[in-house]
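J.: Submitted below is the structure of interest, expressed as structure tokens.
The values are calculated or read from the model by the stated rules, or taken from the named source; none is laboratory data. The structure presented is a predicted model; accordingly, all values stated were derived computationally and were not measured. Backbone-built Cβ (ideal geometry, glycine too); neighbour counts: all protein chains shown. All accessible areas refer to the heavy atoms of the entire protein, side chains included, with ligands and DNA or RNA removed. Shrake-Rupley method; radii C 1.70, N 1.55, O 1.52, S 1.80 Å.
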Amino acid sequence: MEIARRLDGEIVSIDSRQIYRRLDIGTAKPTAEMRSEIRHWCIGVVEPTERYSLGEYLKSARAAIEDIRGRGKRPVAVGGSGQHMHALLEGWQIPPVVEDSQLRDALSEETAESLYDRLSEVDPHAAEQIGPTNVRRLIRALEVYHVTGQPISEWQRMREPVDYRACAPDPSLDEVDARIGLRTEAMFEAGLVDEVRQLLAEGLPEGAPGFDSIGYREVLAHLRGECSLDEALEGVAQATRRFARRQRGWFRRDDPSICWAADVPLAMLE
């Protein structure tokens with residue numbers, strides 16, 4: 001918010017969960033007051049029952065940036081969804097592949113090892129980047145190759161990077177863990193369980209893509225009677241801590257494009 005104020009900017013969210021409408025507390029959306037002061041983009045754009053691909057996100061985010069710049073303002077991209085951020089800043093070109101449910105179902109029946117071996121044969125670079133355990137991304141890479149006849153790594157090389165300056169907070173792991181604990185407690189105190197209960201009452205199915213998120217999965221388990229409220233809260237905190245560690249793979253300390261700082265280095269933005 002302070003950066004956007006200093007730069008006369010508007011905020012473009014880089015978050016794969018805040019794109020869903022009505023999922024507010026568990027995704028830590030900016031408040032109505034914040035959004036009334038400074039315009040935010042790419043928040044609450046689809047229903048929780050809809051899937052929103054990386055390609056669709058990039059189309060929306062790029063349109064937002066063009067709109068912001070066209071009015072003489074500065075786009076301020078904010079978020080922690082690593083793949084979305086890299087795709088936006090590095091100018092990824094997403095393959096025009098419609099999801100093939102039949103192919104995905106067939107691939108889903110294979111083991112992760114089998115999928116990794118398959119991809120290694122047709123796209124060894126992508127296989128190395130994805131690794132042998134990320135089943136969802138392995139399936140997506142094989143789907144792209146099957147439909148387009150072109151390895152996904154070649155699509156990823158067709159990039160049009162944007163000019164940007166990046167800064168990131170630099171807390172210790174202990175501080176991150178402590179803040180996650182406080183944030184989790186705050187979400188439950190703010191009514192996360194009631195939010196989920198209301199969404200279910202409105203007819204949102206438990207299998208909705210929006211519910212496949214940290215916080216919502218654990219609360220659903222609690223409402224089904226599978227765990228206590230305290231166990232759900234602790235489950236959210238633990239899952240978030242694991243996720244925070246995985247995120248560090250996207251934001252490396254040796255990345256020269258990122259300015260790591262204890263406080264936002266506003267001087268670098270002038």
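J.: Rank these residues by their accessible area, most exposed first, probe 1.4 Å: Asp67, Asp230.
T.: Result, largest first: Asp230, Asp67.
J.: Which of (i) 80, 38, 34; (ii) 52, 50, 36; (iii) 54, 41, 40 is the computed Cα extents along the principal axes in Å for the structure on display?
T.: So the structure-derived entry is (ii).
J.: Using 1/(1 + (r/R0)^6) with R0 = 25 angstrom and r between the beta carbons of Glu113 and Ala244, what's the FRET efficiency to the nearest 0.05?
T.: Numbers: r = 28 Å, r/R0 = 1.11.
Taking R0 as 25 Å, the efficiency between Glu113 and Ala244 is 0.35.
J.: Using a probe of 1.4 angstrom, how much of the accessible area of the chain is carbon and sulfur, in percent?
T.: Values: 7530 of 15330 Å².
C and S fraction of accessible area: 49 percent.
J.: What's the FRET efficiency of Thr148 with Arg253 using the Cβ-Cβ distance as r and R₀ = 35 Å, to the nearest 0.05? All intermediate terms of the calculation are to be shown ahead of the outcome.
T.: On the way: r = 35 Å, r/R0 = 1.01.
After rounding, the FRET efficiency stands at 0.50.
J.: Further question: Could you work out the relative contact order of region 1-77? I mean the mean sequence separation of Cα pairs under 8 Å and 6+ apart, divided by the number of residues, in percent.
T.: It rounds to 45 percent for region 1-77.
J.: Any idea how far the Cα center of region 34-84 sits from the one of region 161-187, in Å?
T.: Distance between centres, Cα-based: 20 Å.
J.: So what is the accessible area of region 54-142 per residue, in Å², with the probe set to 1.4 Å?
T.: Working: 4920 Å² over 89 residues.
Using a 1.4 Å probe on heavy atoms only, each residue of region 54-142 averages 55 Å².
J.: If you don't mind, there's one more thing I want to ask. Taking Cα pairs under 8 Å and at least six residues apart, what relative contact order does the chain come out at, in percent?
T.: 22
J.: Restricting to Cα pairs below 8 Å that are 6+ residues apart, what does the relative contact order work out to for region 196-265? Please round to a whole percent.
T.: With pairs under 8 Å counted, the relative contact order is 22 percent.
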